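Single-structure report; data block below.
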Amino acid sequence: MSFEIHVAGAEDVVRMAEWAADEGWNPGNTDALAFHAADPGGFLIGRLDGRPVACISVVRYAADFGFLGFYIARPEARGKGYGIKIWNAGMARLQGRNVGLDGVVAQQHNYKKSGFRLAWNNIRHEGAPPPAAPPPGVTLVDARAVPFDRLAAYDRRFFPQPRDHFLAPWIGLPERAGLMAVRDGEPQGLAVIRTCRAASRIGPLYAASPEIAAALVSALAAGTGAPAVAIDVPDRNKPAVALVEQMGLKPAFETARMYTGPDPAVDYAGLFGVTSLELG
């Protein structure tokens, strides 16, 4: 049998999202379009005699950071060495960079063997959020109406490198909505909700306070008619964990955020929900 690894095409990236759905990861309906725009060469597909059976994403950000995701071997191809082959190909593409990933907790020991170390856990909380008004002086505005340079600069506070090619479609694609919280003309929060196979996922969720985060979540759920939302909350942000618990959202899924290098210097106090488990 012949196993070959190639850079994925756009159709392959959609297939990868479908495989992620099969794994129960609940990707957004249009996520693949933003993913591919982030780094078109950053998605690898492994084919066995021409049939796709394994994949990985290894997206490069600037010169020194990368993020690994979509590490999947189809059930019929597991235990045969194809997964580690595509893993090695992906890691080679990110050689010399600080690499991050959000992996299932059960695989932590395997990732540690490849040089990753645990930074924190993301705990997905799901449920129907209660109504919550923004604090006095804070206004919620459509993120699509915000000048993109301002929006990208705000995102940069919470992510290790600029990611404009990803951020623009992430906010502007169909089946999603975004809100920015503003006080006296200055951004105080940002959140994006997207329709998924199951609960609508909110990410990123940035906020200057738990009250602002609650208002963003409530407004997005109400504005899109989402009966339930899901937020991947970093457990290193204790107020964020306390907030989703107070909102009645229940733990449903957990991943390990790991890096090969040091934790990036970002505003962790304002990071209430990560953007994507696949691209960081």
- [ ] Within the range 200-213, identify whether any single residue is hydrophobic (A, V, I, L, M, F, W, C), out of contact with any strand residue (DSSP E or B) (no Cβ under 7 Å at 6 or more places or on another chain), within 23 Å of GLY137 (Cβ to Cβ) and buried (at least 18 other Cβ atoms within 10 Å of the Cβ), and answer yes or no.
- [x] no
Open item on the list: Residue pairs, Cβ under 7 Å, 6 or more apart or interchain, first in the range 261-275 and surrounded by 14 or more Cβ atoms within 10 Å (Cβ to Cβ), second among the acidic types (Asp, Glu). List them.
Closed with: GLY273/ASP232; VAL274/ASP232
Task: From the options ALA152, ALA207, ALA199, ALA133, residue that is without any contact (Cβ under 8 Å) to a residue 24 or more places away in the chain and aliphatic (A, V, I, L, M) - done: ALA152
TODO: Determine whether the range 73-80 contains at least one residue that is of a type in the set (Asp, Glu) and not in a strand (DSSP E or B).
DONE: yes
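This table checks each residue for (1) more than 17 Å from TYR259 (Cα to Cα); (2) surrounded by fewer than 20 Cβ atoms within 10 Å (Cβ to Cβ); (3) touching a residue at least 60 places away in the same chain (Cβ under 8 Å).
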| residue | (1), (2), (3) |
| --- | --- |
| ARG51 | yes, yes, no |
| ILE56 | no, no, no |
| LEU68 | no, no, no |
| GLY79 | yes, yes, no |
| GLY100 | no, no, yes |
| VAL105 | no, yes, yes |
| LYS113 | no, yes, no |
| PHE116 | no, no, yes |
Open item on the list: So in the range 147-164, with the set limited to residues that are part of a helix (DSSP H, G or I), crowded, with 16+ Cβ neighbours inside 10 Å and of a type outside the set (A, V, I, L, M), which one is nearest to the chain's Cα centre (by Cα)?
Closed with: ASP155
Task: For LYS238: the one exception among (1) surrounded by 14 or more Cβ atoms within 10 Å (Cβ to Cβ); (2) more than 16 Å from the chain's Cα centre (by Cα); (3) within 30 Å of ARG60 (Cα to Cα); (4) not β-branched (Val, Ile, Thr) - done: (1)
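Quick test for you: out of LEU68, LEU140, pick the one residue that is over 23 Å from TRP25 (Cα atoms) and either part of a helix (DSSP H, G or I) or not acidic (Asp, Glu) (or both).
Details: LEU68 fails: over 23 Å from TRP25 (Cα atoms).
Step by step, each of LEU68, LEU140 is checked, and only LEU140 is over 23 Å from TRP25 (Cα atoms) and either part of a helix (DSSP H, G or I) or not acidic (Asp, Glu) (or both).
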TODO: May I ask you to list pairs of residues, at least six apart or on different chains, whose Cβ atoms are under 9 Å apart, with the first in the range 1-26 being without any contact (Cβ under 8 Å) to a residue 60 or more places away in the chain and under 16 Å from LEU279 (Cα atoms) and the second being basic (Lys, Arg) and in a helix (DSSP H, G or I)?
DONE: ALA8/ARG15
Open item on the list: Quick check on my filter: what residues within the range 12-65 are in a strand (DSSP E or B), within 17 Å of the chain's Cα centre (by Cα) and not hydrophobic (A, V, I, L, M, F, W, C)?
Closed with: GLY28, SER57, ARG60, TYR61
Task: Failed item in (1) in contact with a strand residue (DSSP E or B) (Cβ under 9 Å, 6 or more places away or on another chain); (2) surrounded by fewer than 21 Cβ atoms within 10 Å (Cβ to Cβ); (3) closer than 15 Å to GLY189 by Cα, with GLY223 passing the rest - done: (3)
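Every read-out reported here was derived from the displayed coordinates using simple, explicitly stated rules and does not represent laboratory data. Keep in mind that this is a model prediction, so the values were computed, not measured. Using ideal geometry, Cβ is built from the backbone for each residue, glycine included, and neighbour counts are taken over all protein chains shown.
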